[in-house]
Amino acid sequence: MSILIAFVVTLGLVILIHELGHFLVCKWTGIYVKTFSIGFGPKLLRWRYGETEYALSAVPFGGYVKMAGEGVMEEIQDAGTGEQYHYPIGTAEGDQLAAMRDDAIPEHRHFRARPAWQRLAVVVAGPLANLLLAFVIFTGSVWDTGLMVVPTTEVGHVRADSPAAAAGLQVGDRIVGVGSHAVHNWTAVTDAVVEASQAADPAPGPVDLQVERDGATRTVTLRPGLEDGVWNVGLEPGDTRVGLVQKGGPAAEAGLQRGDRIVSVDGETVRSFGSIARIVSANPGRALTVAWERDGRAMQALVTPEAVEVLPDSTVGRLNFERYFESEAVGPLSAVALGWRATWGTVMGIVGSLPLIFDAGMDAVGGPIRVGQVAGEMLRWSFGHLMQFVAFFSVNLFLLNLLPIPVLDGGHVVFILYEMVFGRSVHQRVQAIATQVGLIVLMLFMITVIVKDVLRVIPS
């Protein structure tokens, strides 16, 4: 049930917002909207308000806004509704017969009669609405919960052959200052290191850290590096407390609670959350002894990490609890800035991961079943986690819909830009062929993804 609820919330919200973007810009520009549908295919529910029919259709993986005088796309939309309009798509005869159904609608309210910039605005409004949804969710989340910080500056792990190891930093050191700035949590440490290193010319430059060790304060010089565009320091905070615990997960079944301090895993003493993760990840499905402290009492349990497939032929273990965070309140302007940073960071993160996705092929792509599974898992963490996933999924749809593929919004953008540059539109027959080819390719892709989804959940 949690998977179904999460799936409906995720897919329903991103589709509704996407189509609402198209719809509102149509209203703003005066284009006549005949149908606003969530889903494709035969209409299950339909009602009319004003000049527009609103519908809930049988196939829930998308939606559409049908505009008067839309041309090829309107003809294709008609063909999939189950209502029999017998005209050949993309031909002069088909265009004429489709247009005859709009005779009662003033010509100036037809989509094709509007200036190119207005049609372009209508097309890009859907993807941009998805990006705006992600921004609103990220901003609202950080404003509501505050900025989540790791409340320590103690070093819990120093990676060998890292800039931190070269600087002489040791486990147990407490960082009290970065450059001229005092720091009180790990988030402040990382932000200050990146800021100071970026300010150097050339960047990344050296950064002075004030460190407490054995009751004395000393200054060490850290020289951060870049690995695949990511800042490389080699430090992890020394906090093994348990944060949020997922309902029904291995950690919850073992009795772990927020605030418990993990002492050892599988007999190995741990000083950082990363150390815990490395042991657990390497032991999917193997029972481990986890020892922890709660209010001064020593406790332990045998816990079996859940096996999770992260990449084809790559399975890791998960106990399903988060790092311990505390919240720092932020004002509305800071929330907006952090919300935009999270939104743009998600866009760039997805774009940056495309080479890995192409290397992995179809095995790296998830369909509606996988979306439902992940959404359900996020809901078991919290409703806030589900909304974070909705934001991530919405950014994915923003990027997907801007791909220059006919039948997607990006394909229409290409057609309209061609018209704006060359002063003439792409012939309707060419648009029809390209759109139908794009539709066939998209349907084959979706069928392949759904079949792979089904095979993943069927026991071998």
Which three numbers, in whole Å and largest first, are the semi-axes of the equivalent ellipsoid of the chain derived from its Cα gyration tensor as √(5λ)? 51, 26, 19
Just give me a number: lysine pairs in the chain, eight or more positions apart or cross-chain, with C-alpha atoms less than 26 Å apart. 5
Ordered by packing density, taken as the mean number of other Cβ atoms within 10 Å over each peptide's residues, highest first, how do 20-28, 281-289 rank? 20-28, 281-289
So what's the gap between the Cα centers of segment 169-187 and segment 40-62, to the nearest angstrom? 58 Å
Would you mind checking the tilt of helix 116-145 against the longest principal axis of the Cα atoms of the chain, expressed as 0 to 90 degrees and rounded to 10? 30 degrees
Output the 0 to 90 degree angle, nearest 10, between the alpha-carbon long axis of helix 383-401 and the longest principal axis computed from the alpha carbons of the chain. 50 degrees
Using helices alone, what [θ] at 222 nm do you get for the chain, with -39,500 (n - 2.57) per DSSP H run of 4 or more residues, divided over all residues and rounded to the nearest 500? -15500 deg cm²/dmol
Rounding to the nearest 10 and keeping the result within 0 to 90°, find how far the Cα-based axis of helix 2-29 lies from the longest principal axis of the chain. 50 degrees
Charge dipole (debye, nearest 20) of the chain; +1 at Cβ of Lys and Arg, -1 at Cβ of Asp and Glu: 580 debye
Accessible-area ranking of 442, 386, 128, largest first, probe 1.4 Å: 128, 442, 386
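The values are calculated or read from the model by the stated rules, or taken from the named source; none is laboratory data. Worth saying up front: this structure is predicted, and the values here are computed from it rather than measured. Because the Cβ atoms are built from the backbone with ideal geometry, glycine has one as well, and the counts that use them run over all protein chains shown. Heavy atoms of the whole protein, side chains included, go into the accessibility calculation; ligands, DNA and RNA do not. Shrake-Rupley method; radii C 1.70, N 1.55, O 1.52, S 1.80 Å.
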